[in-house]
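Working notes, structure below.
The values are calculated or read from the model by the stated rules, or taken from the named source; none is laboratory data. Worth saying up front: this structure is predicted, and the values here are computed from it rather than measured. FYI the Cβ positions are ideal-geometry reconstructions off the backbone, even for glycines, and counts take in every protein chain you see. With ligands, DNA and RNA removed, areas are computed over all heavy atoms of the protein, side chains included. Shrake-Rupley method; radii C 1.70, N 1.55, O 1.52, S 1.80 Å.
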Amino acid sequence: MSQSAQQARLQWHCRRGMLELDIILGTFLKEQFTQLSGNDQNAFEQLLNCQDQDLFNWLVHKQIPTDPSLLPIITQIITHATTKS
Amino acid sequence: MAMPTYTFDAIIVGAGGAGMRAALQLANTGSKVALISKVFPTRSHTVSAQGGITCALGNADPEDDWRWHMYDTVKGSDYLGDQDSIEYMCKTGPEVVYELEHMGLPFSRMDNGKIYQRPFGGQSKNFGGEQAARTCAAADRTGHALLHTLYQQNLKAKTHFFNEWYAVDLVKDRQGKGVAGIIAISIETGEMVFIKSRATIFATGGAGRIFESTTNALINTGDGVGMALRYGLPMQDMEMWQFHPTGIAAAGVLVTEGCRGEGGYLINKNGERFMERYAPHAKDLASRDVVSRSIALELREGRGFDFLGVQCVKLKLDHLGADVINLRLPGIRELAMTFAHVDPITSPIPVVPTCHYMMGGIPTNVHGQAITVDANGNDRIVEGLYAVGECACVSVHGANRLGGNSLLDLVVFGRAAGIHVQQSLEEGLELLSASDSDVQAAMTRVDRWNASPKGESVFDIRTALQKTMQNDFGVFRTEKFMREGLQKLTDLRERLKHAYLSDKSTVFNTARIEALELDNLMEVAYVSAIAALERKESRGAHSREDFPNRDDANWLKHIIVFNDGKTAVRPVNMKPLTVDPFQPKERVY
């Protein structure tokens, strides 16, 4: 899959059942994804496989995920969402 | 060109609560069922219904009665709901909820082990008496729990999932008897297929994306409504859209009444606390519709702020001080910082009336069978086509939906449609055949976009569409502005026919999907506008400045609109089977 096709696939996978997630994930993908390290890009993809309700609790309610490996990417997304000018 | 073809007993479009409940009913009885979903099923918008599912189990109050729930729902609907449908929903509710419990839905419990029930607005005991507690929940994740339970059950029942496939249009049969199937496109590969089926069930959800400000996720583009309209079927009650007064401008995320309860208030661009003018006593704590219309009037009068190109008012909290905000409203502060990038400790939050729910949709009977109206004004059942959930108008919500009734609607009527399709299959429901030209007709709009040489962008037309709906058909409705709005929509609809898809690639071409979605949004917006102009009264969510009162003598009826703009009416059902009808009364709470 080409890089643009991969980006398009991720864009579709940022379409969620909750508006809050559409906004937070979609904005992060658009504005930050290409600047991430390979590891962080993989972590973002892994995050997209999680459940909407969990993503909502982590990204909107700032709860801590049970899988600690997800925490760094979640922190980056929250930071980006709340400090954007 | 030989297009790949599949054949099923039933195909269901949309894998939210209603679609998956219908699929399960059919798959469990041995039918060959396909479920098409443009996103992975558990990412359907049902997950946003966190609050719960209402029905009279009688756990919180042993005296509770489904007839009281029925009364509340009829009254909540401002008497536009069909009483036979509401009766069926409220009466069947407990049975359907216990089925979900047996499937493993993890309901919250009372100490005695029974399903816990919480009070919600609009719930009463004894036909309008004291507050009832009737809403069952799985903590604050009821929608999520419902989707998961149904998804697991469907996997077990061998439902065939077409995940990340997009339904394009219905295919007519060659004799014009009914629906032969559907054309669908794989989002991953761009492949197009013809899925033949004896029965087609639409469960495609709402279409809040027609408005500039909506709580609806991006996927809520009214795909089933668009397909049904292009097929030649009418929509019902499309003027009825539920709004919340305060969504964050340019985002749509709700800020709850709690803020105003803690002493927050709304200001216009002059810094004026304008609710004092509209509701001198209740002020900012006036009812939702009053607050919504007051905001809309301020914007109409040019007293709004511009926030990222969106006209809005602001919710002021800074006078409460950092301590109160951090102690009592920490969640709101987080939301404001995330979705408006303002800190309410120092800056007011931009807010605007925000669309939440579509009460109208494809008219159906209690079995979910789609209904059209013939030239003589008589109901006609559309052979082989069903609609359930938010895309349908059965109609249980009438002019206004009560909290906790949407999840109930999904599972009760998803199940009912499944049962009816199953019976029809047993009675020999035919597989109708389509000619090549019928199939080709259903691919017209994909071909159109794929061949588009130049023109306006999807983004530009969609933005203009959403602004028009927000300004002229939102919570402030009056003849003059709606006429102007309808003209704008008519122009936009023409411009859309010449719009341009620049990306013609095949793999995950999300731009193509958004173009196809815009076709549907346009159809939804158009019939909503016609219906809003047609209804010359105020009822439930439809509130007109020029006709401020409910007018039962002339308008206690459903409005039907076809995609050519023709309208008709259908009577509201006032004949429940087992109880006396509830006669319209003034709706006071």
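Overview of results
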{"quantity": "Residue in the stretch B:349-364 that is more than 14 Å from chain A (Cβ to nearest Cβ), at pLDDT 95 or above, farther than 24 Å from residue B:208 by Cα and out of contact with any Gly (no Cβ under 8 Å at 6 or more places or on another chain) present", "calculated": "no"}
{"quantity": "Criterion: more than 14 Å from every other protein chain (Cβ to nearest Cβ), open to solvent by 20 Å² or more (accessible area, probe 1.4 Å), of a type in the set (Gly, Ala, Ser) and over 30 Å from the mean Cα position of the chain (by Cα) - qualifying residue of B:309, B:321", "calculated": "B:321"}
{"quantity": "Residue within the stretch A:16-29 that is free of Cβ contacts under 8 Å to residues at least 40 places away in the same chain, more than 8 Å from every other protein chain (Cβ to nearest Cβ) and over 13 Å from the mean Cα position of the chain (by Cα) present", "calculated": "no"}
{"quantity": "Residues located in the stretch B:481-507, provided they are aliphatic (A, V, I, L, M) and in a helix (DSSP H, G or I)", "calculated": "B:482, B:486, B:489, B:492, B:496"}
{"quantity": "In the stretch B:277-300, the residues that are acidic (Asp, Glu) and modelled with pLDDT of 95 or more", "calculated": "B:298"}
{"quantity": "Out of A:58, A:12, sole residue that is of a type in the set (Phe, Trp, Tyr), within 12 Å of chain B (Cβ to nearest Cβ) and open to solvent by less than 50 Å² (accessible area, probe 1.4 Å)", "calculated": "A:12"}
{"quantity": "Filter result (more than 14 Å from chain A (Cβ to nearest Cβ) and exposed (fewer than 15 other Cβ atoms within 10 Å of the Cβ)) within the stretch B:327-348", "calculated": "B:327, B:346"}
{"quantity": "In the stretch B:259-306, residue surrounded by the most Cβ atoms within 10 Å (Cβ to Cβ) [restricted to those that are assigned to a loop (DSSP other than H, G, I, E, B) and in contact with a strand residue (DSSP E or B) (Cβ under 6 Å, 6 or more places away or on another chain)]", "calculated": "B:264"}
{"quantity": "Output for the stretch A:46-55, where each listed residue is touching a residue at least 24 places away in the same chain (Cβ under 8 Å) and open to solvent by 40 Å² or more (accessible area, probe 1.4 Å)", "calculated": "A:46"}
{"quantity": "Verdict on residue A:43 being open to solvent by less than 20 Å² (accessible area, probe 1.4 Å), away from every other protein chain (no Cβ under 13 Å) and either within 20 Å of residue B:47 (Cβ to Cβ) or not aromatic (Phe, Trp, Tyr) (or both)", "calculated": "yes"}
{"quantity": "Residue within the stretch B:508-529 that is farther than 16 Å from residue B:236 by Cα and outside any helix (DSSP H, G or I) present", "calculated": "yes"}
{"quantity": "Which listed residue is open to solvent by less than 10 Å² (accessible area, probe 1.4 Å) and not β-branched (Val, Ile, Thr), from B:51, B:58, B:30, B:76", "calculated": "B:76"}
{"quantity": "Meets criteria (within 26 Å of residue B:46 (Cα to Cα), facing chain B (nearest Cβ under 10 Å) and in a helix (DSSP H, G or I)) for residue A:74", "calculated": "no"}
{"quantity": "Odd one out for residue B:122 among (1) modelled with pLDDT of 95 or more; (2) open to solvent by less than 30 Å² (accessible area, probe 1.4 Å); (3) out of contact with any strand residue (DSSP E or B) (no Cβ under 6 Å at 6 or more places or on another chain)", "calculated": "(1)"}
{"quantity": "Strands (runs of 3 or more DSSP E) within the stretch B:146-236 that include 3 or more residues open to solvent by less than 30 Å² (accessible area, probe 1.4 Å) and away from chain A (no Cβ under 14 Å)", "calculated": "B:165-172, B:179-186, B:192-202"}
{"quantity": "Residues satisfying the stated conditions in the stretch B:530-565, i.e. part of a strand (DSSP E or B) and closer than 19 Å to residue B:226 by Cβ", "calculated": "B:559, B:560, B:561"}
{"quantity": "Failed item in (1) over 11 Å from the mean Cα position of the chain (by Cα); (2) within 8 Å of chain B (Cβ to nearest Cβ), with residue A:64 passing the rest", "calculated": "(2)"}
